[in-house]
Each structure stands twice: as structure tokens, then as C-alpha cells.
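**Student:** Structure provided below as C-alpha cells; questions to follow.
The values are calculated or read from the model by the stated rules, or taken from the named source; none is laboratory data. The structure presented is a predicted model; accordingly, all values stated were derived computationally and were not measured. Backbone-built Cβ (ideal geometry, glycine too); neighbour counts: all protein chains shown. All accessible areas refer to the heavy atoms of the entire protein, side chains included, with ligands and DNA or RNA removed. Shrake-Rupley method; radii C 1.70, N 1.55, O 1.52, S 1.80 Å.
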Amino acid sequence: MELTQYVENLRRELTTAAEVGGEDARALADRLLAPLDAAVRLTLLEALSAAAEEISAELAPGFVDVRLRGGAAGFVVTPPPAPAAATADDGDAGPGEVRLPIAEGDDSAMVRINLRLPANLKALIEDAAAGGGLSVNAWIVRAAAAGLANEGRRGSRPAPAQKPDRTVGQSYSGWGR
């Protein structure tokens with residue numbers, strides 16, 4: 001996507017608006033337009049990146065990246081894994097096949113949760129997400145799905161921690177008759 005046409009459109013609009021103010025306003029606009037070129041391009045890229053992040057949240061665990069090559073912005077779309085990797089459990093899972101409890105398709109609803117993390121863990125997640133070219137949200141969704149997939153490979157959930165036996169001596173307490 002070439003950004004030049006959008007920058008030129010804005011340049012024309014600003015020049016037209018400046019003409020209403022007379023010769024001095026038009027001269028000022030001409031002096032400001034050249035330095036604003038880079039700022040306008042950066043703002044357009046920020047808007048495209050924000051849109052890509054919103055789309056990625058809807059595609060999770062798939063995602064959309066915005067890449068800049070030369071003066072042109074491009075989109076790289078990584079679709080979610082094939083539905084066979086994340087299907088509802090119908091009881092027919094074969095050996096080695098993992099069924100994830102993730103709803104796929106247009107009818108799946110997105111929900112919001114509040115998650116409290118230690119600051120150092122949040123920083124590690126942000127670094128990992130950036131290293132993978134993902135939003136933090138998409139990275140957390142993938143990590144949760146992978147964790148559930150690993151849980152499915154183990155067969156069942158881990159047993160809850162049991163209280164240790166506290167037999168120390170032969171003492172009893174209570175009431176007797």
C-alpha cells in the first residue's frame with residue numbers, strides 16, 4: 001500500500017485551506033508541508049498498525065502484521081491454524097490427537113478478562129510477543145491454547161496438591177464419654 005497518494009491528498013487539502021487565508025497563509029503552508037511529510041507518514045503507519053492489532057485480536061491465534069518496505073506499507077496475514085487442530089471434543093479423539101476447548105468460526109464470542117500479573121512477568125510477555133511479531137493479547141491466547149493442548153496430551157488435569165500427613169505423636173483432643 002503506497003502512502004504517497006494519501007500524503008499528497010492531505011497536502012492538496014491543506015494548500016486549498018491555506019488559500020482562503022491569503023498569500024501569507026499559503027506561503028506558511030508551503031513552508032510547513034515539507035517537514036510534515038514524515039509526520040503524516042508515521043501517523044498513517046500508526047493508524048494501520050492499530051487497525052492490524054484490532055484485526056489480530058479477532059483472528060487470534062492468527063494475526064496481521066504491518067511491514068514497511070521502502071515507502072510502502074504492506075500487510076502480512078497469518079491465519080489461525082486449521083480447524084482440525086482446534087475442534088470441539090466430540091469424544092472421537094484418536095490416539096495422539098488433541099482436542100482444544102476453543103470455539104472457532106464466526107459464531108465464537110470474544111470475551112474480556114482482567115488479568116493481574118507481576119510486573120516482571122508482564123515485561124517478559126511483552127518481550128516475547130514483540131519477538132514473535134504478535135500483540136500481547138494474541139501471544140497470551142496462543143500460550144493459553146498451547147497450555148491446554150499440552151494438558152490434553154497428558155490425558156487429564158494434574159491431581160490437586162494433597163495436605164501432608166501431620167502425625168507427630170499419639171495425642172488426641174476432644175470430648176469423650
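**Student:** Filter the stretch 34-56 down to residues that are closer than 10 Å to residue 7 by Cα and touching a residue at least 24 places away in the same chain (Cβ under 8 Å), then give me how many there are.
**Tutor:** Adding up the residues that qualify gives 4.
**Student:** Of all the residues that make up the stretch 70-91, how many are modelled with pLDDT under 80 and closer than 22 Å to residue 38 by Cβ?
**Tutor:** Qualifying residue count for the region: 2.
**Student:** I'd like to check something: does the stretch 30-39 contain any residue that is open to solvent by less than 90 Å² (accessible area, probe 1.4 Å) and among the basic types (Lys, Arg)?
**Tutor:** No, that holds for no residue.
**Student:** Within the group 11, 41, which residue is part of a helix (DSSP H, G or I) and in contact with a Phe, Trp or Tyr (Cβ under 9 Å, 6 or more places away or on another chain)?
**Tutor:** From the options 11, 41, the qualifying one is 41.
**Student:** Yes or no: the stretch 45-58 includes at least one residue that is hydrophobic (A, V, I, L, M, F, W, C), within 24 Å of residue 144 (Cα to Cα) and part of a strand (DSSP E or B).
**Tutor:** no
**Student:** Can you pull out every residue in the stretch 1-25 that is open to solvent by 80 Å² or more (accessible area, probe 1.4 Å) and touching a helix residue (DSSP H, G or I) at 6+ places or on another chain (Cβ under 7 Å)?
**Tutor:** Residues satisfying the conditions are 6, 19.
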